[in-house]
Amino acid sequence: MNLFLIVIILGIVEGMTEFLPVSSTGHMILVEKFIGDGRFSPKFMESFLIIVQLGAILAVVIYFWDTLTPFVKNKKELISRIRLWTKVIVGVLPAAIIGLLLDDYISEYFMGNVFVVATTLIFFGVILIVIEKYYKTAGKIDSFGKLSYKFAFIIGFFQCLAMIPGTSRSGATIIGSLLLGLSRGLATEFSFFLAIPTMFGATLLKLVKNGMNYTTTEWQLIGVGTLVSFVVAYLVIKWFMGYIKKRDFVFFGVYRIILGILVLIFLFI
């Protein structure tokens, strides 16, 4: 299969799964294993799986620009935006610290491991269903003004679970948010906003560690994948924000379990 066609498929997968609680990295690892046929170097693929997520993150910035932008004339609104970003930064601190400490270990022992992806898909799928079973109310914390810095920091630790492929960054943060009493809508938005500095930082770390040492073709592949993920992610965000107003996350938990079981069956046949 043509290399550019492969990264287009990976970009579509990234855009579709980055903000759904199903693990975008896990899906891309699985897809690359089945269609990549080892045509990418491990070093390039490890970087690609991180960098391509920038497209999806840019989709968040554009979609929520009116909520995130600090360029407002109203002083009260400006203070509100500053507090929002401060809570996002507080929520990112755990991942920033733990990510720096464990990046090499995770890259060596977890990235590309299909068995790890399958088991985490199943485990957190079960957790998601269990939480939804007992999540009977809309959540008392339904606005960023009600979200404390303490809770933002705790949610940040849940995000760290996503360093293991197959967990899902959005899934981990949503699970943590629901447990703390956030509404589904606020849990989802805060998960989106946490992704912005988290993924920019992860991309910068990966580029620095690899010395930005990619061939012209590899840069082109990264660019195509990132562009595709941006377009698809924007459409998915728009759909998902409408979805959670009417439904819960049980469907995604069931999907994770089924996919994880199918992957395990494939591995052991």
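Filter region 134-159 down to residues that are part of a helix (DSSP H, G or I), in contact (Cβ under 8 Å) with a residue 24 or more places away in the chain and over 11 Å from the mean Cα position of the chain (by Cα), then give me how many there are. So that I can check it myself, show each step before the final result.
Filtering region 134-159 for residues part of a helix (DSSP H, G or I) gives 134, 149-159.
Restricting the remaining residues to those that are in contact (Cβ under 8 Å) with a residue 24 or more places away in the chain gives 149, 151-157, 159.
Checking which are over 11 Å from the mean Cα position of the chain (by Cα) leaves us with 149, 151-157.
Total satisfying the criteria: 8.
Across region 1-16, the qualifying residues are those that are open to solvent by less than 50 Å² (accessible area, probe 1.4 Å) and within 15 Å of I51 (Cα to Cα), and the one among them that is farthest from the chain's Cα centre (by Cα) is V7. Report yes if I79 is under 16 Å from M199 (Cα atoms) and assigned to a helix (DSSP H, G or I), otherwise no. In short, no. Take V263 and decide whether it is β-branched (V, I, T), farther than 30 Å from D104 by Cβ and touching a residue at least 40 places away in the same chain (Cβ under 8 Å). It is false that V263 is β-branched (V, I, T), farther than 30 Å from D104 by Cβ and touching a residue at least 40 places away in the same chain (Cβ under 8 Å).
Among the residues of region 160-174, which ones are part of a helix (DSSP H, G or I), open to solvent by 10 Å² or more (accessible area, probe 1.4 Å) and not charged (D, E, K, R)?
From region 160-174, those part of a helix (DSSP H, G or I) are 160-163, 169-174; that's our starting set.
Now narrow it down to the ones that are open to solvent by 10 Å² or more (accessible area, probe 1.4 Å): 160-163, 169.
Once the filter is applied, which keeps residues that are part of a helix (DSSP H, G or I), open to solvent by 10 Å² or more (accessible area, probe 1.4 Å) and not charged (D, E, K, R), region 160-174 yields C160, L161, A162, M163.
Restricting attention to region 32-66, which residues are within 12 Å of K206 (Cβ to Cβ), part of a helix (DSSP H, G or I) and in contact with a helix residue (DSSP H, G or I) (Cβ under 7 Å, 6 or more places away or on another chain)? Steps first, please.
First pass over region 32-66, keeping only residues within 12 Å of K206 (Cβ to Cβ): 43-54.
Pick out the ones that are also part of a helix (DSSP H, G or I) and you get 43-51, 53-54.
Once the filter is applied, which keeps residues that are within 12 Å of K206 (Cβ to Cβ), part of a helix (DSSP H, G or I) and in contact with a helix residue (DSSP H, G or I) (Cβ under 7 Å, 6 or more places away or on another chain), region 32-66 yields F44, M45, E46, S47, F48, L49, I50, I51, Q53, L54.
Selection of region 142-157 for residues being closer than 18 Å to A172 by Cβ and among the hydrophobic types (A, V, I, L, M, F, W, C) yields L147, F151, A152, F153, I154, I155, F157. Has region 223-232 got any residue that is within 21 Å of V88 (Cα to Cα), assigned to a helix (DSSP H, G or I) and either open to solvent by less than 20 Å² (accessible area, probe 1.4 Å) or modelled with pLDDT of 95 or more (or both)? Looking through region 223-232, none of the residues is within 21 Å of V88 (Cα to Cα), assigned to a helix (DSSP H, G or I) and either open to solvent by less than 20 Å² (accessible area, probe 1.4 Å) or modelled with pLDDT of 95 or more (or both).
For region 22-78, a residue qualifies if it is of a type in the set (D, E) and crowded, with 17+ Cβ neighbours inside 10 Å, and the qualifying residues are E32, E46.
For region 87-132, give me each residue that is closer than 19 Å to F249 by Cβ and under 18 Å from the mean Cα position of the chain (by Cα). Residues satisfying the conditions are T120, L121, I122, F123, F124, G125, I127, L128. Being out of contact with any helix residue (DSSP H, G or I) (no Cβ under 7 Å at 6 or more places or on another chain) and touching a residue at least 40 places away in the same chain (Cβ under 8 Å) holds for only one residue in G171, G185, G99, G125, and it is G185. Here's a check for you: in region 67-98, which residue that is modelled with pLDDT of 90 or more and charged (D, E, K, R) is nearest to L10 (Cα to Cα)? So the residue we want is K87. Pairing residues of region 68-87 that are free of Cβ contacts under 8 Å to residues at least 40 places away in the same chain with residues that are outside any helix (DSSP H, G or I), at Cβ distances under 8 Å and at least 6 apart in sequence or on separate chains, gives L78/P70; L78/V72; R81/T69; R81/P70; R81/V72; I82/P70; W85/P70.
The values are calculated or read from the model by the stated rules, or taken from the named source; none is laboratory data. Predicted model only: the values in this text are computed from it and were never measured. Reconstructed Cβ throughout: ideal geometry from the backbone, glycine too, with neighbour counts over all protein chains shown. With ligands, DNA and RNA removed, areas are computed over all heavy atoms of the protein, side chains included. Shrake-Rupley method; radii C 1.70, N 1.55, O 1.52, S 1.80 Å.
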